[in-house]
Amino acid sequence: MRILDGKKTAEQVRQEIKKEVATWVDKGNRPPHLAAVLVGDNGASQTYVNAKIKDCEEVGFKSSLIKLSDTITEKELLEKIDELNSDESLDGYIVQLPLPKHINEKKITQAISPTKDVDGFHPENLGKMVLNLPTFLPATPYGIMQLLEYYSIDTSGKNCVVVGRSNIVGTPVSILMSRNNDPGNATVTLAHSRTQNLEALIKTADILIVALGKPDFIKGDMVKEGAVIIDVGITRVTDSSRKKGYRVAGDVHFESVKKKASFITPVPGGVGPMTRVSLLKNTLLACKRKA
Ligand SMILES: Nc1nc(=O)c2c([nH]1)NC[C@@H]1CN(c3ccc(C(=O)N[C@@H](CCC(=O)O)C(=O)O)cc3)C=[N+]21
């Protein structure tokens, strides 16, 4: 079994980005600029957004953190988005999800200018992704593809089972895995809450991508010998023996599944860091595209 080390891979990718930024700035351009909008004070969201800002500093990007109260109205948030859309000093921005219940996430996602949508969530960018046109790929699926590429994992013709059909992970990663690219060219099945015989299906997976949000859901006896396991889950589970009072759990029970896997992503240190590095790649692309 080999670990798909997202932490190490992300660090390597950041070093490449850092060099590219330095060359870009040496030529007299301004550095890429990413902004993150955080509404409310959800603990996990704050951690992720702070990490994204730190990543920007590491590679020489400019970054802005826009903190808004969770009492903000949908109309006020849409006004803020208009402002960001027309801000020429800004290459890309993200609105961290989830948003408070009184705000319609679809409406917000669609209001973000597709040219600044470095999350790749806008319908126009998702459409381009489906057609294999150049665009911002959604960060987590893009991160997974980069990890597979870094470890030269052969996905062509393989059975890939994706568990979970969210707009930001399951659905787009199933498309990326099935299209005519390397990595890609897999035979993909997208499983969800209505899937019958999920366990039998999971057993057929040469590549298993799990994005459910159910801690330790996949156990060793459920997977095929030699499978490649990609764990997208990140749930904070209360654990009083830890300093922080919680542990971060994936959707895969690592200890039992690692005995059967050929490759497996750990949590933390797997898909999460790759997600963040994808955001940097998209922002660099947004910045260079305008020039
Ligand atoms: N507009 C928007 N874009 C997103 O990309 C987005 C979002 N909203 N909302 C929430 C999810 C989740 N997400 C993570 C990114 C990195 C880690 C990450 O780096 N995790 C570390 C540490 C985990 C921890 O300590 O909590 C790891 O897995 O090693 C986790 C989760 C981005 N998301």
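If we only count helices (runs of 4 or more DSSP H) wholly inside the stretch 129-206, which ones have 1 or more residues that are closer than 21 Å to Arg276 by Cβ, assigned by TED's automatic domain parsing to the domain that holds Gly233 and in contact with a Ser or Thr (Cβ under 8 Å, 6 or more places away or on another chain)?
Numbers: elements: 139-150, 170-178, 198-203.
Helices (runs of 4 or more DSSP H) meeting the threshold: 139-150, 170-178.
For the condition within 17 Å of the chain's Cα centre (by Cα), hydroxyl-bearing (Ser, Thr, Tyr) and away from the ligand (no atom under 13 Å from the Cβ), what is the one hit in Thr135, Thr155? Working first, answer last.
On the way: Thr155 fails: within 17 Å of the chain's Cα centre (by Cα).
Result of the check over Thr135, Thr155: Thr135.
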Picking from Val162, Val118, which residue would you name as being away from the ligand (no atom under 16 Å from the Cβ) and touching a Gly at 6+ places or on another chain (Cβ under 6 Å)? Val162
Report the residue count in the stretch 266-291 for those that are more than 9 Å from the ligand (Cβ to nearest atom) and either within 16 Å of the chain's Cα centre (by Cα) or at pLDDT 95 or above (or both). 10
Long-range neighbours under 8 Å by Cβ, at least six apart or interchain, first residue touching a residue at least 60 places away in the same chain (Cβ under 8 Å) and closer than 12 Å to Asp216 by Cα within the stretch 239-266, second of a type in the set (Lys, Arg) and part of a loop (DSSP other than H, G, I, E, B): Asp251/Lys214
Failed condition for Ser63, given (1) more than 21 Å from Val248 (Cα to Cα); (2) within 13 Å of the ligand (Cβ to nearest atom): (2)
Which one of these is surrounded by 19 or more Cβ atoms within 10 Å (Cβ to Cβ) and either over 25 Å from Gly269 (Cβ atoms) or of a type outside the set (D, E, K, R) (or both): Lys203, Lys128, Lys107, Lys116? Lys116
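Which residue, of Ala51, Ala44, is in contact with a Lys or Arg (Cβ under 7 Å, 6 or more places away or on another chain) and at pLDDT below 95?
On the way: Ala51 fails: at pLDDT below 95.
Ala44 is the lone residue from the list that is in contact with a Lys or Arg (Cβ under 7 Å, 6 or more places away or on another chain) and at pLDDT below 95.
For the subset of the stretch 253-265 comprising residues that are in contact with a strand residue (DSSP E or B) (Cβ under 8 Å, 6 or more places away or on another chain) and more than 13 Å from the ligand (Cβ to nearest atom), which member is nearest to Tyr151 (Cα to Cα)? Reasoning before the result, please.
Residues of the stretch 253-265 in contact with a strand residue (DSSP E or B) (Cβ under 8 Å, 6 or more places away or on another chain): 253-254, 257-258, 261-265.
Applying the additional criterion that residues be more than 13 Å from the ligand (Cβ to nearest atom) yields 253, 257-258, 261-264.
Values: His253: 22, Val257: 19, Lys258: 17, Ala261: 14, Ser262: 12, Phe263: 9, Ile264: 11 Å.
Among those residues, the one meeting the criterion is Phe263.
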Asp55 vs (1) surrounded by 12 or more Cβ atoms within 10 Å (Cβ to Cβ); (2) within 16 Å of the ligand (Cβ to nearest atom); (3) among the acidic types (Asp, Glu); (4) farther than 16 Å from Leu279 by Cβ: all pass except (4)
I'm checking my understanding of the structure. Among residues of the stretch 69-87 that are among the β-branched types (Val, Ile, Thr) and more than 18 Å from Asn42 (Cβ to Cβ), which one is nearest to the chain's Cα centre (by Cα)? Ile81
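Which residues, taken from the stretch 94-120, are β-branched (Val, Ile, Thr), touching a residue at least 24 places away in the same chain (Cβ under 8 Å) and in contact with a Phe, Trp or Tyr (Cβ under 7 Å, 6 or more places away or on another chain)?
The answer is Val118, and nothing else.
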Could you tell me whether any residue of the stretch 234-256 is at pLDDT 95 or above, in a strand (DSSP E or B) and crowded, with 21+ Cβ neighbours inside 10 Å? yes
Taking the stretch 166-184, which residues are surrounded by 17 or more Cβ atoms within 10 Å (Cβ to Cβ) and either away from the ligand (no atom under 16 Å from the Cβ) or of a type in the set (Lys, Arg) (or both)? Ser174, Ile175, Met177, Ser178, Pro183, Gly184
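The values are calculated or read from the model by the stated rules, or taken from the named source; none is laboratory data. Small disclaimer: the values here were computed from a predicted structure and weren't measured. Every residue, glycine as well, gets a Cβ built from its backbone with ideal geometry; the counts of neighbours run over all protein chains shown.
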